[in-house]
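The values are calculated or read from the model by the stated rules, or taken from the named source; none is laboratory data. Given the structure is predicted, the values throughout are model-derived calculations rather than measurements. All Cβ positions, glycine included, derive from the backbone under ideal geometry; neighbour counts span all protein chains shown.
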């Protein structure tokens, strides 16, 4: 595993680095003393990340090889508090704040516990727009965190969909760990005539645009589509691609 250390001088640079790193196969990233420290299992992904930063004249301060992931595992994955949920890694031994619902997620190398900003935004949107009894689609489920949140908010039937076999395994484990009974973990939407009240998708821009006809076909009239995983500079592009079929909130 490789460790990349990047200095940032302001919040704009920090946000760009954080949004960019998750476009690649990363083992995680965290902030320390105005530095962002990212982990990669693949040198190709590391170099792609480096090139993206160069475009913004941001450069690596240091790259270290042969980092042992287990030694940083517990440091990286911390509890996340988004009322009414307190999301914890499976190894967490601390207490749960009064009035919060516990969600336990086992982080893997490929998927975290939901700490990335785009995941947090999706959780907040689910809290704001979901109603009990809704049928929900989480497309690109990863650990299954958004599907689990959706069920705990009262989702009547929740589909957690991902084409990544590792994601399917991790999501299935986390669904069982949280004793969810109304989540279907799968690599595809089985019924083409399925209609959803709300769809949330936290994936890359190009994939979101390709999936637009699918989103249109599976949502009920006045259904809600939550899209995330895009960079600030991609905002106009995603709006322009979806505004003819959706009302942008």
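Filtering the stretch 15-43 to residues that are surrounded by fewer than 17 Cβ atoms within 10 Å (Cβ to Cβ) and under 18 Å from residue 231 (Cβ atoms) leaves 15, 23, 24, 25.
Checking each residue in the stretch 156-175 for being within 19 Å of residue 86 (Cβ to Cβ) and crowded, with 24+ Cβ neighbours inside 10 Å picks out only 174.
In the stretch 55-66, is there at least one residue being closer than 22 Å to residue 119 by Cα, touching a residue at least 24 places away in the same chain (Cβ under 8 Å) and surrounded by 12 or more Cβ atoms within 10 Å (Cβ to Cβ)? No, the conditions are met nowhere in the stretch 55-66. Considering only residues that are touching a strand residue (DSSP E or B) at 6+ places or on another chain (Cβ under 7 Å) and surrounded by fewer than 24 Cβ atoms within 10 Å (Cβ to Cβ), look in the stretch 129-150 and name the one that is modelled with the lowest pLDDT. Filtering first and then ranking leaves 140.
Step by step: first the residues of the stretch 144-174, then only those that are within 14 Å of the chain's Cα centre (by Cα) and assigned to a strand (DSSP E or B), then the one that is farthest from residue 103 (Cα to Cα). Which residue is that? Step by step, filter the stretch 144-174, then rank; the result is 161.
Of the listed requirements (1) surrounded by 13 or more Cβ atoms within 10 Å (Cβ to Cβ); (2) out of contact with any helix residue (DSSP H, G or I) (no Cβ under 9 Å at 6 or more places or on another chain), residue 220 misses just one: (1).
The conditions of being within 22 Å of residue 166 (Cα to Cα), crowded, with 17+ Cβ neighbours inside 10 Å, modelled with pLDDT of 85 or more and not assigned by TED's automatic domain parsing to the domain that holds residue 142 are met by residue 46.
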